[in-house]
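The values are calculated or read from the model by the stated rules, or taken from the named source; none is laboratory data. Only a predicted model underlies this, so the values are computations on that prediction, with no experimental measurement involved. Note that we place each Cβ from the backbone using ideal geometry, even for glycine, and neighbour counts take in every protein chain shown.
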Amino acid sequence: MSTRSLLLLVALIGGAELFARGYLGDRPPAFHAGAWLLAASLWIATRRGGAWLRGIGLGAGALAALLSLAELLPAPAPEAVTPSVSFRESHGDPLALRSWWKAHDAERRVLDGNADLTPGSRIAWFGTPVELDARGWRRADAPPGGAFRIVVAGGANTFGATQTESERPWPALLAAELDADYTCPRRIAVINAGRPGHTLERLVANFDVEIAPLAPDLLIVEPGVDALDGLLPADDALPALAPPPRASRWLAALEGRVRARAASRAFHAALAASTDPEKLRRSIAARRYRELLVRARQHGIDVALTSLSLAVNGSSPDAVIRFHESVWPEARRLVVANRELSKLLPILGVAYRATVLDVSQDLDGADDDAFIDLTRASQSGRERLARNAARALGPLLSRPDPGCTPRGAR
């Protein structure tokens, strides 16, 4: 090999490496230097070859040079991720949703469990006043004597992301649904024991001092995303949607489209994969539920477990999923884990004589009007949740105690 050929080979390899490393490492100087070195090497190396070889060299070199020059142009428009019209009208684009949450950063930190509410205080909750009792729950009247007590325990969604004085948390809506749907010898009292950041683990730890003293006849446990611990697919099972910062905006836009399609394929493959029941039983989520169910049984308390609904599910359009993913990057992993939870709850229900309430009808995946973000229900969503729970509670309420019958039943 001649010295000239050797130098050209070194220039080609060096230019290609600088180009690739500069792009992937978001180092523009290396990217541009590599692009022009690669372009010059290709032009020189192929100029003495045949027409087809010169064409390949000229085209590849020109592409590398144009990618470098293209960084002087305005950035390419990102691929649209706007979902359905109704969702766009109520939430705008991802930037608008992020801006809205930024304006309510204090509430978001509370809902995410990153800040605590002060028990016994009066707070401005999305601009409306909310009274808290000594436990940090929403203040409410004590249940009447002799009432059949239903305690709803959960986190942020149970507490309720209410935004106006007319909105209500879903346990309060459940009480109204039960009163409208059933005739009972005893009053039915629904107690909202929801507190943002209150996980299954904390519910178990505080059971004896928070739940047991209420002497509930029925405990309804609404899961938060913490209930999906141990059920999430591996990080490499679902590729990240957005690439990290790159040196070329144009290549990054192309890479983003490729990643989006790969993420969609991997997502649906994960949803279609079979589930190992034994793996579900050994999961962290199963252990925490078992601890809770055992603790409740020790106090003679019946338990009903509700399913978890998210704004998107496996049937949601990919654009809608990507919308939420732009705000909540783990959206797809949470959807896959929620599928696992829906299979785990019946297993636990049979093993520990707990009732499983499927409250997902018209709610799970209803991003258009039932959620304010991926996990928190809007007023419409809370109304659906309460309605579904009231219907699902029919068999439990028909037992001798409390002996309820549906209104209108003969």
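Tabulated data
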read-out: Count - residues of segment 313-327 that are of a type outside the set (G, A, S) and in a loop (DSSP other than H, G, I, E, B); value: 2
read-out: Segment 321-330: number of residues that are surrounded by fewer than 21 Cβ atoms within 10 Å (Cβ to Cβ) and touching a helix residue (DSSP H, G or I) at 6+ places or on another chain (Cβ under 7 Å); value: 2
read-out: Selection status of E330, within 15 Å of the chain's Cα centre (by Cα) and either of a type outside the set (S, T, Y) or under 14 Å from F267 (Cα atoms) (or both); value: yes
read-out: Pair list, Cβ < 9 Å and 6+ apart or interchain, from segment 333-350 residues that are more than 21 Å from H268 (Cβ to Cβ) and of a type in the set (S, T, N, Q) to residues that are outside any helix (DSSP H, G or I) and at pLDDT below 95; value: none
read-out: Out of L341, L345, sole residue that is in contact with a Ser or Thr (Cβ under 7 Å, 6 or more places away or on another chain), in a helix (DSSP H, G or I) and among the hydrophobic types (A, V, I, L, M, F, W, C); value: L345
read-out: Which numbered condition L363 misses (of (1) assigned to a helix (DSSP H, G or I); (2) more than 13 Å from L231 (Cα to Cα)); value: (1)
read-out: Test: residue in segment 131-150 that is touching a residue at least 60 places away in the same chain (Cβ under 8 Å) and under 27 Å from S380 (Cβ atoms); value: yes
read-out: Test result for V294, crowded, with 20+ Cβ neighbours inside 10 Å and touching a residue at least 12 places away in the same chain (Cβ under 8 Å); value: no
read-out: Output for segment 389-401, where each listed residue is over 22 Å from L228 (Cα atoms) and touching a helix residue (DSSP H, G or I) at 6+ places or on another chain (Cβ under 9 Å); value: A390, R391, L393, G394, L397
read-out: So L200, is it more than 20 Å from G146 (Cβ to Cβ), buried (at least 20 other Cβ atoms within 10 Å of the Cβ) and not β-branched (V, I, T); value: yes
read-out: Residues of segment 108-139 satisfying the condition of being of a type in the set (V, I, T) and assigned to a loop (DSSP other than H, G, I, E, B); value: T118
read-out: Helices (runs of 4 or more DSSP H) within segment 140-213 that include 3 or more residues acidic (D, E); value: 170-181
read-out: Flag for L310 being in contact (Cβ under 8 Å) with a residue 40 or more places away in the chain and part of a helix (DSSP H, G or I); value: no
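Each row is one residue, and each column tells you yes or no for (1) on the phi > 0 side of the Ramachandran plot; (2) touching a residue at least 40 places away in the same chain (Cβ under 8 Å); (3) touching a Gly at 6+ places or on another chain (Cβ under 9 Å).
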{"position": "G120", "(1), (2), (3)": "yes, no, yes"}
{"position": "T128", "(1), (2), (3)": "no, no, no"}
{"position": "R168", "(1), (2), (3)": "no, yes, yes"}
{"position": "I188", "(1), (2), (3)": "no, yes, no"}
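Matching residues to (1) within 19 Å of R246 (Cα to Cα); (2) assigned to a helix (DSSP H, G or I); (3) modelled with pLDDT under 85:
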{"position": "S5", "(1), (2), (3)": "no, yes, yes"}
{"position": "V10", "(1), (2), (3)": "no, yes, yes"}
{"position": "R21", "(1), (2), (3)": "yes, yes, no"}
{"position": "P29", "(1), (2), (3)": "yes, yes, no"}
{"position": "R48", "(1), (2), (3)": "no, no, yes"}
{"position": "R54", "(1), (2), (3)": "no, yes, yes"}
